[in-house]
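The values are calculated or read from the model by the stated rules, or taken from the named source; none is laboratory data. Being a predicted model, the structure only gives us computed values, none of them experimental. Every residue, glycine among them, receives a Cβ derived from its backbone with ideal geometry; neighbour counts consider all protein chains shown. What goes into the accessible areas is simple: the full protein's heavy atoms, side chains included, and nothing from ligands, DNA or RNA. Shrake-Rupley method; radii C 1.70, N 1.55, O 1.52, S 1.80 Å.
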Amino acid sequence: MQERAQVMVLGTFHMENPNLDYVKTGYGDVLSEPYQQQIQEVVARLLRYRPTHVAVEAPPDAAPALQERYDQYRAGGYTLGRNEIDQLGFRTAAAMGHSRIFGIDYRLDLDFSAVLDEAGKLGLTGFLNAFERMTRSVAEAQERAEADGGVLGLLRYLNSPDHDAMHGVYLQIAAVGAGASYVGARLVADWYRRNLFMFSHIADLARQPEDGILVLVGAGHRPLLRQFITESPDLEYVDPLPYLT
């Protein structure tokens, strides 16, 4: 018997591809038949975890609209859209027979352009070059993983230690403007704040030791959410990678 509630954080890509993240990528249409088969395989693997709750990257105040869509889907009156909430979240929750879907996001805008502008004014060419190389290499790695292994291959990369290690760029950002504007540290503080608020929603779902929460979020959130969950005395972190390989 579990002594603590379990939480699996699956880092995803934005299937609708709105390119809202700083790293821009291009993928195929997830509604195409090959992608749909790959997504069904991913869902089948996630079902092995047997989650008791499925939580997605939507703010709690959007819960009524989210729940209405989910109810319509379960009743056969809603066609899944391209986003990962529908394709992975709704499919998994419905397959488990869940009556509810949960939103755990906390929206907070991050002004990366202000940090880059400040770095330019300060002549931090080393930082700017490293930042540009990092974003380019992440985009290329994601596109390469998708080309080689489809949706499953991309998710394997997005949930790998190699991708998680890219989170270290935030600590490089934090140094921009130190001692003056602190523009970098302010942005990183907001990033931690957003993820900490998201963690609070996740922790609030874990009411019973036998609970198993599946959290579907953009892969950039994984490192901090994993840290918070791992350090929580009330929760046990579950690595999604064994379920994907």
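Quick notes on this one:
- Residue match in the range 82-96 (condition: of a type in the set (Asp, Glu) and over 18 Å from the mean Cα position of the chain (by Cα)): no
- Sole exception among (1) surrounded by fewer than 16 Cβ atoms within 10 Å (Cβ to Cβ); (2) in contact with a helix residue (DSSP H, G or I) (Cβ under 8 Å, 6 or more places away or on another chain); (3) under 23 Å from Phe228 (Cβ atoms); (4) acidic (Asp, Glu) for Asp111, by number: (3)
- Out of Thr230, Thr245, sole residue that is farther than 16 Å from Val54 by Cα, at pLDDT 95 or above and among the β-branched types (Val, Ile, Thr): Thr230
- Selection over the range 225-245 of residues that are part of a helix (DSSP H, G or I) and free of Cβ contacts under 8 Å to residues at least 60 places away in the same chain gives a count of 5.
- Of all the listed residues (Arg194, Arg156), the sole one being open to solvent by less than 40 Å² (accessible area, probe 1.4 Å), under 25 Å from Gln227 (Cα atoms) and among the basic types (Lys, Arg) is Arg194.
- Positions within the range 116-141 being open to solvent by 50 Å² or more (accessible area, probe 1.4 Å) and touching a residue at least 24 places away in the same chain (Cβ under 8 Å), in sequence order: Leu122, Leu124
- Options Val169, Val151, Val176: the member that is touching a Gly at 6+ places or on another chain (Cβ under 8 Å), buried (at least 16 other Cβ atoms within 10 Å of the Cβ) and either in contact (Cβ under 8 Å) with a residue 24 or more places away in the chain or within 21 Å of Thr12 (Cβ to Cβ) (or both): Val176
Rundown of residues vs (1) in a helix (DSSP H, G or I); (2) in contact with a Gly (Cβ under 6 Å, 6 or more places away or on another chain); (3) on the phi < 0 side of the Ramachandran plot; (4) modelled with pLDDT of 95 or more, yes/no style:
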| position | (1), (2), (3), (4) |
| --- | --- |
| Gln2 | no, no, yes, no |
| Gly11 | no, no, yes, yes |
| Met15 | no, no, yes, no |
| Tyr73 | yes, no, yes, yes |
